[in-house]
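Notes to accompany the following structure.
The values are calculated or read from the model by the stated rules, or taken from the named source; none is laboratory data. What you see is a predicted model; the values in this text were computed from it and never measured. Don't worry about glycine lacking a Cβ; one is built from the backbone with ideal geometry, like all the others, and counts go over all protein chains shown. In case anyone asks, the SASA skips ligands and DNA or RNA and just uses the protein heavy atoms, side chains included. Shrake-Rupley method; radii C 1.70, N 1.55, O 1.52, S 1.80 Å.
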Amino acid sequence: MHFSKEEFGNDFSWGISTAAYQIEGAHDTDGKGMSIWDSFSQKRRKIANGEHANIACDFYHQYTSDLALIKKMNIPNYRFSIAWSRVLPNGIGTINYKGIAYYNRVIDFCLELGIEPWITLYHWDLPEALQKKGGWTNREIINWFSEFVNCCLNHFGDRVKHWMVLNEPMVFTGAGYFLGVHAPGKKGLSNFLAAAHHAAMCQAEGGRIIRSFESNFKIGTTFSYSDLAPLREDHERDAKAVIRVDALLNRLFLEPLLGLGYPIRDLKILQKIERFIKPGDEQKLAFQMDFIGLQNYTRELVSYSAFMPFLHAKIVKAKKRNVQHTLMNWEVYPPCIYNALKRLQKYPSIKEILVTENGAAFPDAVVNEEVDDEERLQYLQDHIAQVLKAKNEGVNVKGYFVWTLMDNFEWAEGYSPRFGLVHVDFDTQKRIIKSSGKWFGQFLDK
Ligand code: IFM
C-alpha cells in the first residue's frame, strides 16, 4: 500500500454503505408493509437458489452490535437506506410509527457511537401497494415519492444532515422494468422509459424537497457508473457501440439532472422517452446537487452486435475474456474508478464527487474463526490508490464508502456473492470481521 489517510485530507469522508432490503430482514415485523422485493423473491426462479431476504442479516434486531462493528473498524460515516414500506406500509397515507421508531433507534445509536448517519431515500424496495398501481411507470409516483421524502425529513431531519435521493436509477429501472430480472420483474421498452423518466423526475424533486426543508443539508444522489472501452481497439463499430452504451448506462440519469437533457443524440431509441415528458418537465429534471455519488466496481468492454435490439452493442463479460474477475463476473481493473472520476470531472456543474460504493465479492473461507480475504483487501487498496491518483490530479472527490458492511442479500444473485468487510454465517448470524475490515480499521485509525 503506497498511500496514507492524511493524503486524502481532513475533509474527506470515509464510510461504509448498506441498503435496507439487503440486511434488515424482519420483512413483516412491527407493521412493515410488503415491498416489491418481498413479493418478487416469493416467485419461482427469480432469485438464485430460491433465496429471499425475510431474515437476511437480521440487522433489524442486531443493529446495535452491527453498528458497534462499524465503530470497531473506526469507520466514521454510515450510509443506509430507509425501507419505504416500513415507514409507510401502503407507500402513502398511514405512517407506521414502529418503523419510524426503529430508524430513530438506528440514527440515535449511530450518533451515540460518533458515527455520522447518511440516508439513501430509495434503494429499490418500492412498496408493493404502489407497484399494484404501476409503480415507477405511473407518473403519480412523483407525488408518492414526495410524500415519502417529506415523511423521512419530518422524522429524521432533526439529526440526519446527509441525504441521497436515489440509488442507481439505471439499475432499478433497467433490471426491474426492462429486463425483468429484478423486482418488480417488468419488461419492455415502454415500461422502462416510463419508469426512467419518472425516476429522473423524482431524483430532482427529492433534491428540491430536501433543500427547502433545510438549506444546509448535504444533498446528493447516486449513480452506477462503469468505465467503458471498445473490445477491439481501433475498431470503429465497437467505438460507436461504446458511445451508445455510455449514453444508456452512464448518462441517462446524470445528464438531465445536470440540465443537459436526455442523451438522445447518442442513442436514438431514447427519443421514445418524449412520450412521457410533459410541458415543464425539462426544467424540473434539473437540480443542483451538492455531490454526485459514484458507484463503480469495474470496467466493461463493449463490442458491436447486430443482434442486440435497440443498442446494437453487447458487453463482453470478464470470464469470456479470461481476465481476473469477482464472483459477479466483473473484471478486476483498478483504473476503472480513476477513469470514471476523470470523466465525471468533465461536467462543470458537478460540485463534488463522493465514491458512495466500491467493493468486491470473492469466495471467502472461514478458517479457525478468521476470514483472510486477501483478494478483497488488495482490491480495496488498489481502488483507493486510484481514487487518490484522481484526487491528486485535481478531481474534486471528497469521500469513499466501501460496499459493504457485511455479507448480505445480493438481489437476484442471493447470498453467494459476499461483498462484506464482515463475514456473516446466515445459519447462526455470527459475524467475523474479515482481514479487509481489519485493514480498513487500521487505515482509518491513523
Ligand atoms: O449490492 C449492490 C447494491 O445494492 C447497489 N450497488 C451495487 C451493489 C453490488 O452489486
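Of the trypsin sites (Lys or Arg not before Pro) in the range 18-111, the ones in a loop by DSSP (not H, G, I, E or B) with at most 10 other beta carbons within 10 Å are Arg44, Arg45. Highest mean first, the peptides 196-203, 17-24, 55-62, 2-9 sorted by other C-beta atoms within 10 Å per residue fall in the order 17-24, 196-203, 55-62, 2-9. Entry note, the range 262-377: relative contact order of 27 percent, from Cα contacts under 8 Å with a spacing of 6+ residues.
Please report the net charge: other residues with Cβ closer than 12 Å to the Cβ of Phe12, K and R +1, D and E -1. Residues close to Phe12 contribute a combined charge of -1.
Give the whole-number value, in cubic angstrom per residue, of the convex hull volume spanned by the C-alpha atoms of the range 68-135.
Each residue corresponds to 79 Å³ of Cα convex hull volume.
The mean of 1/r over all pairs of different alpha-carbon atoms in the range 214-305, once inverted, gives a Kirkwood hydrodynamic radius of 14.8 Å. Computed with a 1.4 Å probe over protein heavy atoms only, the accessible area of Arg237 comes to about 140 Å². For the pair Gln429 and Ala239, the difference between a 0.36 nm per residue extended length and the Cα-Cα distance amounts to 63.7 nm. Here is the tail figure for the chain: Cα pairs spaced more than 41 Å apart come to 10 percent of all pairs. Semi-axes of the equivalent ellipsoid for the range 320-377, computed as √(5λ) from the eigenvalues of its C-alpha gyration tensor and ordered from largest down, come to 31, 16, 7 Å. Within the accessible surface of the chain, defined with a 1.4 Å probe on protein heavy atoms only, the carbon and sulfur portion equals 50 percent. Among Thr326, Thr64, Thr94, the order of accessible area from largest down is Thr94, Thr64, Thr326, computed with a 1.4 Å probe on protein heavy atoms. Look at the dipole of the range 275-413 built from charges on Cβ: of Tyr297, Tyr338, Val367, the Cα furthest out on the positive end belongs to Tyr338.
Spatial offset of the range 31-71 relative to the range 176-221 amounts to 22 Å, using the alpha carbon center of each.
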